[in-house]
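Everything below concerns the one structure shown next.
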């Protein structure tokens, strides 16, 4: 993906439109919201970037939620119960 | 760069995450729920970041950030992979000195007289710039990526890594919540899910 412009010392000045288009289309493939649309629907780069932010925040929330549930599970089970040992063997 | 979580990524994440939790094992029985939660999340983050072996900006930034919250854990988890260098390594010097960039942009603007098309393109680029700022806020190390191309490349990799993390954590939590009778079923499903890629 080399681009003569990116070899300039201050590469933030000019970004190849082709490169951006390529990267944005790759983002599209990752975003469930956009992937599910019909192909004929066009999505602007701005919308893709917005969706990307939203998706990342959603994934962060999910990790937090899963950490919560897991920590409560470890708390709720009886120390000596069969369940406790099963969970511990799953994780530890 | 993978475009979706592979089974080897998921397996490696699980192993590393388990290792991180094992470090907490002696403490886990005597701590509060919120401390356990923090341990679970931090080890999951280090496990995710270490998959990249220091090759991406976001993963280095995440490791550095986690090290400020629990230096011991990070050092233990990375002890095989040159922990010192990862924790102390400077983030890449792709950040351009903002003053220079602003001044150069001003000069360029003065020299050119823009056609209508260029005006539209400039507006679109400005809007994109605003949205990329949002990305910088959610991607670890984003504040150091003033190059938009780098930012989006890092974002792509970060998303795939997050998907891996969520995927494996969800399987584990589902299995654990299912209870002992059904755990065998879920363990099989987890194994299948990991192998399936």
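The values are calculated or read from the model by the stated rules, or taken from the named source; none is laboratory data. Just so it is clear, the structure is predicted and the values come from calculations on it, not from any experiment. Heads up, the Cβs are rebuilt from the backbone with ideal geometry, glycines too, and the neighbour counts pull from every protein chain shown.
Here are some notes:
Residue by residue, here is whether (1) exposed (fewer than 12 other Cβ atoms within 10 Å of the Cβ); (2) at pLDDT below 90; (3) more than 22 Å from the chain's Cα centre (by Cα) holds:
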{"residue": "A:1", "(1), (2), (3)": "yes, yes, yes"}
{"residue": "A:7", "(1), (2), (3)": "yes, yes, yes"}
{"residue": "A:25", "(1), (2), (3)": "no, yes, no"}
{"residue": "A:32", "(1), (2), (3)": "yes, yes, no"}
{"residue": "A:35", "(1), (2), (3)": "yes, yes, no"}
{"residue": "A:42", "(1), (2), (3)": "yes, yes, no"}
{"residue": "A:45", "(1), (2), (3)": "no, yes, no"}
{"residue": "A:58", "(1), (2), (3)": "no, no, no"}
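- Taking the criterion of being assigned to a helix (DSSP H, G or I) and more than 14 Å from every other protein chain (Cβ to nearest Cβ), the residues of the range B:34-60 that qualify are B:50, B:57, B:59, B:60.
- Residue A:63 vs. criteria within 30 Å of residue B:147 (Cβ to Cβ), at pLDDT 60 or above and facing chain B (nearest Cβ under 8 Å): yes
- Residue match in the range B:18-26 (condition: within 28 Å of residue A:74 (Cα to Cα), in a loop (DSSP other than H, G, I, E, B) and at pLDDT 65 or above): no
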